[in-house]
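Below: one structure, written as structure tokens.
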Amino acid sequence: MRIYLSGSNERVIDLNKSDEGFTLELNNKLHNIYTKKVGLNNYFSFDKKKWAKLVELNHIDETFILDERILINAGFKPSGQGSEDFGSLITQMPGKVIKILVKEGDIVKKGKTLLILEAMKMENEIKSGMDAKIKSIHVKENQSIESGQLLIELEEIDA
């Protein structure tokens with residue numbers, strides 16, 4: 001797909017599907033964009049460490065409108081009971097991992113506390129939003145984390 005950006009600085013962007021997501025060519029430089037589906041949402045990353053929710057595009061007469069819903073918190077909710085907080089746990093603010101209560105390969109039930117995260121001087125229990133297997137853990141105890149950082153990847157299992 002070719003995207004034309006107009007304005008004071010016109011640009012042409014070529015976006016092509018690859019095995020792990022997309023390649024984006026801008027100013028004769030190639031960039032890899034990795035993608036993954038987590039529950040009902042799609043996420044992208046340039047380095048497979050920090051993930052962000054993909055923008056949903058609505059097609060209207062050859063014009064694409066970016067959907068403002070991307071601003072909604074879709075990483076995690078401390079209660080672990082929201083409909084948007086399953087799959088990978090991605091932080092929405094900086095903090096510190098206090099305790100990790102699971103290990104890779106563990107099978108967890110919806111609502112199980114996976115880790116304790118300190119953010120804004122509060123300890124938050126980060127819980128699984130679904131019955132799942134712990135696919136991978138990307139943080140360690142006492143590690144400081146940044147906004148958008150991938151904490152844990154979950155693999156959905158049948159209840």
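The values are calculated or read from the model by the stated rules, or taken from the named source; none is laboratory data. Since this is a predicted model, take the numbers as computed values, not measurements. For neighbour counting, all protein chains shown are included, and Cβ atoms are generated from backbone atoms with ideal geometry for every residue, glycine included.
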Selected residue (criterion: surrounded by the most Cβ atoms within 10 Å (Cβ to Cβ)) from residues of segment 1-31 that are over 28 Å from ILE145 (Cα atoms) and among the charged types (D, E, K, R): GLU25
Selection status of GLY105, at pLDDT 75 or above, assigned to a loop (DSSP other than H, G, I, E, B) and within 21 Å of SER136 (Cα to Cα): yes
Test for LYS121: is it at pLDDT below 85, out of contact with any Ser or Thr (no Cβ under 6 Å at 6 or more places or on another chain) and more than 24 Å from LYS36 (Cα to Cα): yes
Residue list for segment 32-47, filter: at negative phi and surrounded by 12 or more Cβ atoms within 10 Å (Cβ to Cβ): ASN32, ILE33, TYR34, THR35, LYS36, VAL38, ASN41, ASN42, TYR43, PHE44, SER45, PHE46
Hits in segment 25-53 (condition: among the aliphatic types (A, V, I, L, M) and within 30 Å of GLU156 (Cα to Cα)): ILE33, VAL38, LEU40, ALA52
Residue within segment 134-145 that is under 24 Å from THR35 (Cα atoms), assigned to a loop (DSSP other than H, G, I, E, B), modelled with pLDDT of 90 or more and among the hydrophobic types (A, V, I, L, M, F, W, C) present: yes
Strands (runs of 3 or more DSSP E) (entirely within segment 1-54) containing at least 1 residues that are closer than 30 Å to ILE137 by Cα, touching a Ser or Thr at 6+ places or on another chain (Cβ under 9 Å) and modelled with pLDDT of 80 or more: 11-18, 21-26, 29-38, 41-45
So ALA74, is it at pLDDT 85 or above, closer than 19 Å to ASN41 by Cα, in contact with a strand residue (DSSP E or B) (Cβ under 6 Å, 6 or more places away or on another chain) and among the small types (Gly, Ala, Ser): no
Test for LYS103: is it surrounded by fewer than 19 Cβ atoms within 10 Å (Cβ to Cβ) and within 19 Å of ASN41 (Cβ to Cβ): no
